[in-house]
Amino acid sequence: MIKLTALIITFNEERNIDRCLKSLAGIADEIIVVDSGSTDRTEEICRSNNAAFIIHPFKGHIEQKNFAVSRSTSEYILSLDADEAISPELRESILSIKTSWEKDGYSFNRLTNYCGQWIRHSGWYPDTKLRLFKKSKGHWGGINPHDKYQLDDKHSSGFLNGDLLHYSYYSIREHLDQVNRFTEISARMANDSGVHSSLIKIIIKPLARFVRDYFFHLGFLDGYYGFVICKISAHASFIKYVKLYELQKTKK
C-alpha cells in the first residue's frame, strides 16, 4: 500500500479546518498544513489533529500549493482546501486506490454547499477536480486565484466515484466579499497576460455568463440560491472586466 500525503494551505480557517482534517483520518499517512500567518485558532486545531504545521509567506495560491508539494515526504499527494472534506463514498474510492495505484493522477467531482444548501447545477456541479496525483508527474498551474493541478503531457489519469464536499460560503455577504478580492487578483493577472477589456466585453460577458449558468447549466433548478449564484457570477464577470478596463486606462 502506498504512503499518501494530504496537503492543505490555510489562512484563518478555524471555522473549517477541523472538519477537513477529521475527514482525512484513516486515509492520509501524513498531513501537512502550509499556513500564511493565521491569527486565529488554525494552528492549534491543526496540531491537535496531528498535522504538521508550516508557516510560509503567501505569494499566490499556485505558489503556496507548489511549496506545499515540495515539503511532502511521499510521491503520492492528496490536495484539499481547508473548506473541503472527503465524503464517505470518496473515502472508499481513495482507500481502494491506495492498494492498487495505476494512474499518474485521479480526479473526482466537487459538490458545493452554499448557505446551507447543496448546489447541483448553476455551473457549480460536477466541478471535477484533479486532486490526487504523483508529485513527479505535474505541477500546480493555472492563473491566480484559480489554481489547478496540471499533469505532464505524457500522463495517465483516472476518475474516482464520490464527491469532494466543499463548504463554500455561509452567507451571501461572504460570497460578495470574495468576489471583490478575487476579481482584483484576476484583473491584475489578466492585465499582466495581455488580456484586454472593452465596453462590449463589460456588457456582453456578464450577460453571457448568466444565460449560460442559469439556463444552460440549469441554475433555476437550484431555486432561490441558484438564482443568487448565477447573478453573482455574472456580477463577478462584470467587475473583473471593469477593473481590467481601469487598469488599462491607468497603464495608458
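The values are calculated or read from the model by the stated rules, or taken from the named source; none is laboratory data. A quick note: this is a predicted structure, and the numbers were derived from the prediction, not measured. For neighbour counting, all protein chains shown are included, and Cβ atoms are generated from backbone atoms with ideal geometry for every residue, glycine included. Heavy atoms of the whole protein, side chains included, go into the accessibility calculation; ligands, DNA and RNA do not. Shrake-Rupley method; radii C 1.70, N 1.55, O 1.52, S 1.80 Å.
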SER197 passes all but one of (1) open to solvent by less than 30 Å² (accessible area, probe 1.4 Å); (2) part of a helix (DSSP H, G or I); which number fails?
(2)
Would the stretch 87-95 turn up any residue that is touching a helix residue (DSSP H, G or I) at 6+ places or on another chain (Cβ under 6 Å), within 20 Å of ASN16 (Cβ to Cβ) and of a type in the set (Ser, Thr, Tyr)?
no
Suppose the filter is aliphatic (A, V, I, L, M), at negative phi, surrounded by 20 or more Cβ atoms within 10 Å (Cβ to Cβ) and out of contact with any Ser or Thr (no Cβ under 8 Å at 6 or more places or on another chain); does LEU132 pass it?
no
In the stretch 182-221, which residues are more than 19 Å from THR250 (Cα to Cα), of a type in the set (D, E, K, R) and out of contact with any helix residue (DSSP H, G or I) (no Cβ under 7 Å at 6 or more places or on another chain)?
ARG212
Residue in the stretch 220-227 that is under 26 Å from SER171 (Cβ atoms) and outside any helix (DSSP H, G or I) present:
no
Please specify each residue of the stretch 117-137 satisfying the condition of being in contact with a His (Cβ under 7 Å, 6 or more places away or on another chain) and under 18 Å from LYS65 (Cβ atoms).
LYS137
Could you list, in sequence order, the residues of the stretch 42-77 that are aliphatic (A, V, I, L, M) and either open to solvent by 80 Å² or more (accessible area, probe 1.4 Å) or closer than 19 Å to GLU13 by Cα (or both)?
ILE45, ALA51, ALA52, ILE54, ILE55, ILE62, ALA68
Taking the condition open to solvent by 60 Å² or more (accessible area, probe 1.4 Å) and in contact (Cβ under 8 Å) with a residue 24 or more places away in the chain, does ASP163 pass?
no
When the stretch 116-150 is examined, which residues are found to be within 23 Å of PHE216 (Cα to Cα) and hydrophobic (A, V, I, L, M, F, W, C)?
TRP118, ILE119, TRP124
Quick one: PHE182 ticks every box in (1) assigned to a helix (DSSP H, G or I); (2) in contact (Cβ under 8 Å) with a residue 12 or more places away in the chain; (3) open to solvent by 80 Å² or more (accessible area, probe 1.4 Å) except a single one, so which number is it?
(3)
Check whether at least one residue in the stretch 46-59 is in contact with a helix residue (DSSP H, G or I) (Cβ under 8 Å, 6 or more places away or on another chain) and closer than 19 Å to ILE143 by Cβ, and report yes or no.
yes
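Let's see how each residue does on (1) closer than 20 Å to ASN191 by Cβ; (2) within 21 Å of the chain's Cα centre (by Cα); (3) buried (at least 21 other Cβ atoms within 10 Å of the Cβ):
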position: HIS217; (1), (2), (3): no, yes, no
position: LEU221; (1), (2), (3): no, no, no
position: GLU246; (1), (2), (3): yes, no, no
position: LYS249; (1), (2), (3): yes, no, no
Considering only the stretch 85-108, I want to know if a residue exists there that is open to solvent by less than 20 Å² (accessible area, probe 1.4 Å), free of Cβ contacts under 8 Å to residues at least 60 places away in the same chain and under 30 Å from GLY37 (Cβ atoms).
no
Examine the stretch 227-242 for a residue that is charged (D, E, K, R) and open to solvent by less than 50 Å² (accessible area, probe 1.4 Å), and state whether such a residue exists.
no
List every residue pair whose Cβ atoms sit under 9 Å apart, with the two residues 6 or more apart in sequence or on different chains, where the first one lies in the stretch 21-40 and is farther than 14 Å from LYS98 by Cβ and open to solvent by less than 30 Å² (accessible area, probe 1.4 Å) and the second, anywhere, is of a type in the set (Lys, Arg) and part of a loop (DSSP other than H, G, I, E, B).
ILE32/ARG71; VAL34/ARG71
Just one of the numbered conditions (1) crowded, with 19+ Cβ neighbours inside 10 Å; (2) in contact with a Gly (Cβ under 8 Å, 6 or more places away or on another chain) is not true of SER157; which one?
(1)
